[in-house]
1. Could you give me the ³J(HN,Hα) list for region 89-96, computed from phi with Karplus coefficients 6.51, -1.76, 1.60 and θ = phi - 60°, whole Hz, x at Gly and Pro?
2. Compute the relative contact order of the chain as a whole-number percentage, counting only Cα pairs closer than 8 Å that sit 6 or more residues apart in sequence.
3. Can you give the Kirkwood hydrodynamic radius for the chain, in Å, rounded to one decimal and based on Cα pairs?
4. What percent do you get for the relative contact order of region 170-295 when only Cα pairs under 8 Å and 6+ apart count?
5. May I ask for the Rg/Rh ratio of region 177-264, computed from Cα atoms with Rh as the Kirkwood radius, given to two decimals?
6. Taking only the Cα atoms of region 108-197, how large is their convex hull per residue, in Å³?
7. Would you mind finding the longest exposed-site-free stretch of the chain, with exposed trypsin sites (Lys or Arg not before Pro) meaning DSSP loop and at most 14 other Cβ atoms within 10 Å?
8. Quick check of the Kirkwood formula: for region 214-299, what is the inverse mean of 1/r over all pairs of different Cα atoms, in Å?
Amino acid sequence: MGSLFAYFFHQAGYTPWLLDNHEGRVDALRREGLTVETPAGKHHIPLSTATTKPEEIGQADLIVIAVKAYDTELAMEGAVPLLGDKTVVLTLQNGLYNIERITRITGKNRVLGGTTAHGATQLDHAHIRHAGSGETVIGALKGERVLQVHAIGDLLNSSGVTTRVTDDVNGALWSKLLINAAINPLTALTRLPNGEITECSELVDVQRRVVEEACAVAKQKGVMIHFADPVGKVMQICKATATNQSSMLQDILNGTKTEIDYINGAIVTEGTSCGVPTPYNQILTRLVKALEIQQGTHL
C-alpha cells in the first residue's frame, strides 16, 4: 500500500519518499524503480527516493503509515525525525487502535485516520498489483483537531484517490472493521478467494454472525455503522472482489504474521469491555492464531 500511494503521488507531480526497514526492498526500488500493474496495463516510475534512513528525508508535510497494525509503533518511532511543526500523519491501516498508538508518539492534533477501498498485492520488491479501488474516507478522532484535514483530502483527490472527509472517522473504522472481520479470517482459514466464500452456505452463515456480533458491540459503544445493511454490504464486497486474495490470506500464504488481533481480536476485546458476547469472532481469532503457531509466525 505504501508503494501504491507513492505511485499515486508521483503521477500527480508530488515527490514521495518511501521509508522502509527492508534493505533489499529499498535497493530494488532505487535500482529498478516501481512497476505497478493496473487494469489499464503496467506502469513504471523511477523511485530513487526510497531509503532506510529517515535523516535523508528531512521534515515531511504528510506521513502515510502503511505497515501492518502490529508494527505501527515501530514504524512511527522510526519516522519521528520526519516530524515538523505542521506535519500530519495519516493511517489507512486495517483494524482498531492505530490512531491512538500513533498519537501517543506524535502528540495530539496531527493524526488522521481513515479507510480506503484501494488494495495492493506485492508481487516482488519493486512490483505491485493495484488489486482494487474505491472511496477513501479520512478524519480525526473526536476531540482531536487537525487543521489540515481538508487540505489532505484535496491532496489525495488531486492524486487520483477519491477521498471524502468525515466527522465520524470512528464509525468509518468500525464499518471497515466488520468487513475485514467477516472476510479475512475465513479466506485465511479456507484459502479461498473472496468470491468463493459466498458460494458456501456454512461460511455465509458464519459471516453473518461475525457481522451481527460486531454491530452489537458497536451499538453498545455508541458507534454508528455506516451501512444500512452490513451483512448485505459484506456479500456485495465479496462478489465485487471475487478473485482477490484478502490481505490475511496473503499473510498465511507468505508465511507471515496476520493482523487478527487488531480485527476480530479487537471486536472480542471491545465486546468484553462492554459486556457483549462475541463467540464467533473469538473462535475465528483462536483458529487463525493456531494457524500462525503451526506456521511459526505467532508471537
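Please treat every number below as a calculation from the coordinates, not as lab data. As the structure is a prediction and not an experimental result, all values here were calculated from the model. Quick reminder, even Gly has a Cβ in these numbers, built from the backbone with ideal geometry, and neighbours come from all protein chains shown.
1. Per residue, the Karplus-derived 3J(HN,Hα) values read 10, 10, 10, 10, 6, 6, x, 9 Hz.
2. Once normalised by length, the contact order is 14 percent.
3. Across the chain, the inverse of the average 1/r is 19.8 Å.
4. On the way: 157 pairs, mean separation 45.0, N = 126.
Relative contact order of region 170-295: 36 percent.
5. Working: Rg = 12.8 Å, Rh = 13.2 Å.
Rg/Rh: 0.97.
6. Hull volume normalised by residue count: 133 Å³.
7. With trypsin sites (Lys or Arg not before Pro) excluded where exposed in loops, the chain gives 1-85 as its longest stretch.
8. Taking the inverse mean of 1/r over all distinct Cα pairs, region 214-299 comes out at 14.4 Å.
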